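Chemist: One structure, as structure tokens, below. Some questions next.
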Amino acid sequence: MTDDFTKDYLHNDLREIRKAMLWKLEGLSEYDIRRPLTATGTNLLGLVKHLSLWESRYFGEVFGRPFPEALPRWDNAAQRGADMWATQHETRKEIIDRYRRVWGHSDATITILPIDSPGHVPWWPRPNVKLFNILVHMLTETSRHAGHADILREQLDNSTGTAAQYATPQHDAAFWEAHRADIERAAKAADEKDQQLASS
């Protein structure tokens with residue numbers, strides 16, 4: 001009973017955070033979902049592409065149920081980093097549709113296997129795992145990238161939240177300017193205090 005509850009709880013959380021990832025792309029232009037928004041090139045569509053590739057591996061080959069579509073091998077050094085951005089030849093629809101197909105394959109693995117089913121992750125230092133470990137890992141990984149996506153989307157149009165119905169209420173520019181000014185003043189005051197303590 002406890003095992004079923006744990007598996008269902010983790011699985012439901014994974015389903016919700018996956019949907020949040022795709023919501024971050026809604027309403028944006030092709031340029032905005034693809035363009036690099038950090039010094040290392042992090043971008044919204046690339047995050048979705050990355051998650052689709054790794055989720056397909058973790059709930060696929062790790063449990064002897066490889067995803068049926070051709071994907072680059074995890075140990076292909078020439079492909080390293082290519083999963084973090086979309087080329088001009090890859091469409092938004094292709095990447096999103098593949099992510100949804102990965103969900104279906106992963107969901108089948110999670111549903112079919114008991115939570116203590118053994119798996120093998122050859123790229124981990126401790127490769128022998130259970131389904132529980134992989135559920136926690138993919139929930140953590142997807143949530144981490146959803147956090148990245150939240151910041152990227154806010155940079156683009158000030159949109160925040162995990163879904164349309166939970167989006168942070170929009171305020172006018174004056175509200176946010178005053179809010180940022182309060183935070184800036186607090187940061188400067190803390191820094192000045194720290195420097196005074198260091199010099200005393």
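The values are calculated or read from the model by the stated rules, or taken from the named source; none is laboratory data. Everything numeric here is computed off the predicted structure, so don't read it as measured data. Cβ sites come from the backbone with ideal geometry, for glycine too, and all protein chains shown count toward neighbours.
Chemist: Quick check: anything in the stretch 35-43 assigned by TED's automatic domain parsing to the domain that holds HIS120, crowded, with 19+ Cβ neighbours inside 10 Å, out of contact with any Pro (no Cβ under 8 Å at 6 or more places or on another chain) and not in a helix (DSSP H, G or I)?
Modeler: Within the stretch 35-43, none of the residues are assigned by TED's automatic domain parsing to the domain that holds HIS120, crowded, with 19+ Cβ neighbours inside 10 Å, out of contact with any Pro (no Cβ under 8 Å at 6 or more places or on another chain) and not in a helix (DSSP H, G or I).
Chemist: Specify which of the listed residues (LEU135, LEU156, LEU139) is in contact (Cβ under 8 Å) with a residue 60 or more places away in the chain, more than 25 Å from ASN12 (Cβ to Cβ) and surrounded by 10 or more Cβ atoms within 10 Å (Cβ to Cβ).
Modeler: LEU156
Chemist: From the residues in the stretch 82-111 that are within 20 Å of GLY64 (Cα to Cα) and in contact with a Phe, Trp or Tyr (Cβ under 9 Å, 6 or more places away or on another chain), which one is surrounded by the most Cβ atoms within 10 Å (Cβ to Cβ)?
Modeler: SER106
This table checks each residue for (1) among the small types (Gly, Ala, Ser); (2) more than 30 Å from PHE67 (Cβ to Cβ); (3) surrounded by 10 or more Cβ atoms within 10 Å (Cβ to Cβ); (4) in contact with a Phe, Trp or Tyr (Cβ under 6 Å, 6 or more places away or on another chain).
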residue	(1), (2), (3), (4)
ASP150	no, no, yes, no
THR162	no, no, yes, no
ASP172	no, yes, no, no
ASP194	no, yes, yes, no
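Chemist: Here is a check on your reading of the model: is TRP123 exposed (fewer than 11 other Cβ atoms within 10 Å of the Cβ) and either in a strand (DSSP E or B) or in contact (Cβ under 8 Å) with a residue 40 or more places away in the chain (or both)?
Modeler: yes
Chemist: How many of the residues making up the stretch 97-107 are free of Cβ contacts under 8 Å to residues at least 12 places away in the same chain and hydrophobic (A, V, I, L, M, F, W, C)?
Modeler: Total satisfying the criteria: 0.
Chemist: Being without any contact (Cβ under 8 Å) to a residue 12 or more places away in the chain, over 13 Å from HIS145 (Cβ atoms) and assigned to a helix (DSSP H, G or I): is that true of ASP8 here?
Modeler: Spelling it out, ASP8 is indeed without any contact (Cβ under 8 Å) to a residue 12 or more places away in the chain, over 13 Å from HIS145 (Cβ atoms) and assigned to a helix (DSSP H, G or I).
Chemist: So which residues in the stretch 63-96 are in contact (Cβ under 8 Å) with a residue 40 or more places away in the chain, more than 20 Å from the chain's Cα centre (by Cα) and part of a helix (DSSP H, G or I), if there are any at all?
Modeler: Once the filter is applied, which keeps residues that are in contact (Cβ under 8 Å) with a residue 40 or more places away in the chain, more than 20 Å from the chain's Cα centre (by Cα) and part of a helix (DSSP H, G or I), the stretch 63-96 yields only PHE63.
Chemist: Given the criteria in contact (Cβ under 8 Å) with a residue 12 or more places away in the chain and hydrophobic (A, V, I, L, M, F, W, C), does ILE115 qualify?
Modeler: Considered against the rule, which asks whether it is in contact (Cβ under 8 Å) with a residue 12 or more places away in the chain and hydrophobic (A, V, I, L, M, F, W, C), ILE115 comes out as yes.
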